[in-house]
Amino acid sequence: MDFEKCYKKTNHDSLQAEGKGFWSQIDFEKQKEFYKRISPSTFDEIWMYCESTYYPSETKADDICAVATGNYQKYLADFGKSNPRIAKYAERIKASGDFGGFDIQYGNVLTDEKNFDLDDPNIQLILAVHYLSMNDQEKRNAELIERNLPNIE
């Protein structure tokens, strides 16, 4: 199945109605295995680990963050010279050091075919990195945070 058909086939709307991104369907254990197949030099140009504090428990944990000055960021900026939507995305990542859930919305991808050509390998890569990042941010520390939430009764 090609990328575009797969992307459009995924049931984004019902998952969003449940308050979940479709990336939540990605098996995180398989994703971590996939990370091991990415060379460390490539991984380190896209992602880094940063310490976060979760409140109210004040639990500290490592989260995945964007490398705002790495080669992936430069790639986004270069690609953004011909794609204003990706330029905006690159600026947001550079400013925040993070992949934000609101930066790329499913509806925008489907309706903005000029900037999100799903047949373009560049767009495929950008979407893959974005959604892997979103899944990681959602799942990496979920159990740790849940264990440390105060018991409210």
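The values are calculated or read from the model by the stated rules, or taken from the named source; none is laboratory data. In this text, all values refer to a predicted model and were calculated from it rather than measured experimentally. Counting neighbours? That spans all protein chains shown, and the Cβs are built from the backbone with ideal geometry, glycine included. Ligands, DNA and RNA are stripped out before the accessible areas are found, and what is left, the full protein with its side chains, is counted by its heavy atoms. Shrake-Rupley method; radii C 1.70, N 1.55, O 1.52, S 1.80 Å.
From the cross-link list Lys30/Lys94; Lys5/Lys114; Lys32/Lys88; Lys88/Lys114; Lys36/Lys88; Lys81/Lys114, which pairs have alpha carbons spaced over 24 Å apart? Table pairs above 24 Å Cα-Cα are Lys30/Lys94; Lys32/Lys88; Lys36/Lys88. Protein-only accessible surface at a 1.4 angstrom probe places the residues Tyr54, Tyr89 in the order Tyr54, Tyr89, largest first. Ranked by solvent-accessible area (1.4 Å probe, protein heavy atoms only, all chains present), the residues Lys74, Lys139, Lys81 order from largest to smallest as Lys81, Lys74, Lys139.
For Ser57, the accessible surface of its heavy atoms amounts to roughly 40 Å² (probe 1.4 Å, protein chains only, rounded to the nearest 10).
Amide H to amide H distances under 5 Å link Val67 with Trp47, Met48, where only residues 5 or more positions off or on other chains count and H is placed in the peptide plane. Among Val109, Val67, the order of accessible area from largest down is Val67, Val109, computed with a 1.4 Å probe on protein heavy atoms. When nucleic acids and ligands are ignored and a 1.4 Å probe is applied, Thr42 ends up with an accessible area of around 70 Å². With K and R counted +1 and D and E -1, the other residues having a Cβ less than 12 Å from that of Tyr35 yield a net charge of +1. The simple Förster model, with R0 at 25 Å and r as the Cβ-Cβ distance, assigns Lys30 and Thr59 a FRET efficiency of 0.45.
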